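Visitor: Structure provided below as structure tokens; questions to follow.
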Protein chains: 2
Amino acid sequence: MSKFGLKVFAPASVANMAVGYDVLGFAIDGPGDEILIRDGTKPGLRITKITGAKRKLPLEVEKNTAGFAALQFLKHIGEDGRSIEMEIHKKMPFGSGLGSSAASAAAGVFAANEYMGCPMETRDLLPFAVAGEQIADGAWHADNVAPSLLGGIILIRDNTSLDIVRLPSPYGLYATVIYPHISILTKESRAILSDTIKLDQHIKQSGNLAFFVAALYKLDLEMIRRSLEDIIIEPQRAKLIPHFYEMKEIALSEGALGFSISGAGPSVFSLCENSLIAENVGEKINAFLSDKKIANDVFVSKINNKGTFKL
Amino acid sequence: MSKFGLKVFAPASVANMAVGYDVLGFAIDGPGDEILIRDGTKPGLRITKITGAKRKLPLEVEKNTAGFAALQFLKHIGEDGRSIEMEIHKKMPFGSGLGSSAASAAAGVFAANEYMGCPMETRDLLPFAVAGEQIADGAWHADNVAPSLLGGIILIRDNTSLDIVRLPSPYGLYATVIYPHISILTKESRAILSDTIKLDQHIKQSGNLAFFVAALYKLDLEMIRRSLEDIIIEPQRAKLIPHFYEMKEIALSEGALGFSISGAGPSVFSLCENSLIAENVGEKINAFLSDKKIANDVFVSKINNKGTFKL
């Protein structure tokens, strides 16, 4: 008897997006994670295989981001006793600031829902995916998970209640994401941040964020260019990323709309008004980093409005 | 020979709008200021009469908000030698938190432009109006002036360069503005504010602001209701306004979308999804304050999308 099975893909994502620390994120086309789900041989969910993770991820369902997200969902619909097997194929780097654990969590719960015949809407899977990512990094937040699962540019009003809205992505908007192969711990990247800011900084940064949101609805690229600036987090974290300001200068001189840190870094990103500029930004920064003997990956992508999907 | 003359009206406005301290403001239909402008008898701009100001406003053009705004504009177009007379009729309260000096500045420059046959677009009069208001309160900011002059809900990305955008006003959105007759100095109201805030507060408040902007574009009243909350400024300033939280409770229990302080106070405002709720909020709070022997004025109005206009 042949087993029923299916495969899903969840994309990487860029959290914070310069203007919206902890409240904005967007998905890119790739890289991402693949999860294969199929009939199992014993009652309960099991993870039978993990590739691309250099043995860093646990096979135990309760301790695995993807497994935990799927299990919470299966419990919710009363199907956690069913025999199910999962294979996880990590196809993106860890600790890169591109939402690797978020992609696993999104893929895990999405796969389980597909396997069960979609009893729930994708939108309603978000809490399970957030619970899954929490296993990996301890925090309950959706700025990577929500775009990875749902696609697009996501604004989160409140992480606790997961009150989110998908913002419009202007046609032609491209992202260039550069992952320099250096390691930053998210913990360190969080610890470096001052827990107070000046009221004036709040006024300026919230003006940038609100203007950026208006710019997306108006599809006004020049408004995006004027507002895409982080005066609070970037100046504190840039020092953890070698050559940050030189990369930024390259991106802006190539015509990028803006340049900042992806999530907690070390990846950085640019938004660009077309693929030509996005490709140029990627090539120039790749050449610059290579010249400095810093290995790096460049990903050029439209804003990914699809999110996680069945392959 | 009969003199050429005309009259303009500039409306009151509500700055901050709960979610956008120093970056948001909207105009209401009334109250407001009237300015009459006509041919003068001697070279130069003169203010010949001021009513409704209890002699608090100077007749000297250079020291008068409306006069200064008009004069800067006339200088800009090289017409400050022309014989012009202005009458200012204050038809709104001072120090109420409703942008009284902003309305005067907007009316002054708008009247001068009309008188000259509209050599400039209204949008381009903003810097002159901001300069006029600066005479009154020392600060260069547009959160009252821009809505008073241009109408609607205005978002200011940057007060220095006056980079602004007009946001959509959902049809049916009403404001109830209550002015309790107590006095608060803007200076005191500014001094009471802490100049630092927690990063967590910034995240939460900027999420509210960005979500509110998205809500306006989506015309989603429930999103407005969830986001229309000020966790930074209101808790600090509410103590200057007697019975603030009781008024807020009345407004919310009547179904208002939100309730907060207008500008630096003492006026307060509600946004409501229709005129019926807005009227009820006004009546109930009026009765409540009257019971406490606090004289007050209530203004119920749609969001005013017209701004300053020729009568």
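Visitor: In chain B, if the dipole is taken from +1 on Lys/Arg beta carbons and -1 on Asp/Glu beta carbons about the Cα centre, which of B:Y245, B:M116, B:S206 is farthest to the positive end?
Guide: B:M116
Visitor: Pairs to check: A:K56/A:K198; A:K42/A:K302; B:K3/B:K90; B:K3/B:K56. Give those whose C-alpha atoms are more than 31 Å from each other in this structure.
Guide: Numbers: A:K56/A:K198 40 Å; A:K42/A:K302 42 Å; B:K3/B:K90 23 Å; B:K3/B:K56 29 Å.
With Cα atoms farther than 31 Å apart: A:K56/A:K198; A:K42/A:K302.
Visitor: Pull up the cross-link candidates among the lysines for A:K292, meaning alpha carbon to alpha carbon under 16 Å and not fewer than 8 places away within one chain.
Guide: A:K248, A:K284
Visitor: May I pose another question? Mind telling me which of A:S275, A:S194, A:S301 comes out most flexible in a GNM of chain A, alpha-carbon contacts under 10 Å?
Guide: Between A:S275, A:S194, A:S301, it is A:S194 that shows the largest mean-square fluctuation.
Visitor: State, to one decimal in nm and shortest first, how far the label point of A:S290 sits from each corresponding label point in the other identical copies (label point: 7 angstrom along Cα-to-Cβ).
Guide: 7.9
Visitor: Let me ask something additional. Where the centroid of each part is defined by its Cα atoms, how far is region B:194-218 from region A:30-92 in Å?
Guide: Taking the Cα centre of region A:30-92 as reference, the centre of region B:194-218 is 37 Å away.
Visitor: In addition: Based on alpha-carbon positions alone, could you give the equivalent ellipsoid semi-axes of region A:174-302 from the gyration tensor, as √(5λ), descending, whole Å? Provide the component values of the computation, followed by the final result.
Guide: Numbers: eigenvalues 109, 90, 22 Å².
Gyration-tensor ellipsoid for region A:174-302: 23, 21, 10 Å.
Visitor: Moving to a separate point now. Apply the Kirkwood formula to the protein assembly as shown: the hydrodynamic radius equals the inverse of the mean of 1/r over all pairs of different alpha-carbon atoms; give it in Å with one decimal.
Guide: 26.4 Å
Visitor: Past the 26 Å Cα-Cα mark, which pairs from A:K54/A:K306; A:K204/A:K239; A:K7/B:K218; B:K7/B:K63; B:K187/B:K239; B:K91/B:K310? Display every interim value, and only then the final one.
Guide: Working: A:K54/A:K306 29 Å; A:K204/A:K239 22 Å; A:K7/B:K218 35 Å; B:K7/B:K63 21 Å; B:K187/B:K239 15 Å; B:K91/B:K310 16 Å.
Those over the limit are A:K54/A:K306; A:K7/B:K218.
Visitor: Further question on the same structure: Within 10 Å of each Cβ in peptide A:155-161, how many partner chain Cβ atoms are there on average? Round it to a whole number, please.
Guide: Details: counts 5, 4, 14, 7, 3, 1, 1.
Whole-number average of other-chain Cβ neighbours for A:155-161 is 5.
Visitor: Anyone know which of B:I135, B:I182, B:I203 comes out most mobile in the 10 Å Cα GNM of chain B?
Guide: Taking springs between Cα atoms under 10 Å, the residue moving most is B:I203.
Visitor: If the elastic network links every pair of Cα atoms under 10 Å, which of B:L193, B:L126, B:L98 fluctuates the most in the Gaussian network model of chain B?
Guide: So, out of B:L193, B:L126, B:L98, the one fluctuating most is B:L193.
A short reminder: the numbers here are calculations on the coordinates, not readings from a lab. For clarity, every value in this text was computed on a predicted model and none was experimentally measured. When we count neighbours, we look across all protein chains shown, and the Cβ atoms used for this are built from the backbone with ideal geometry, even at glycine.
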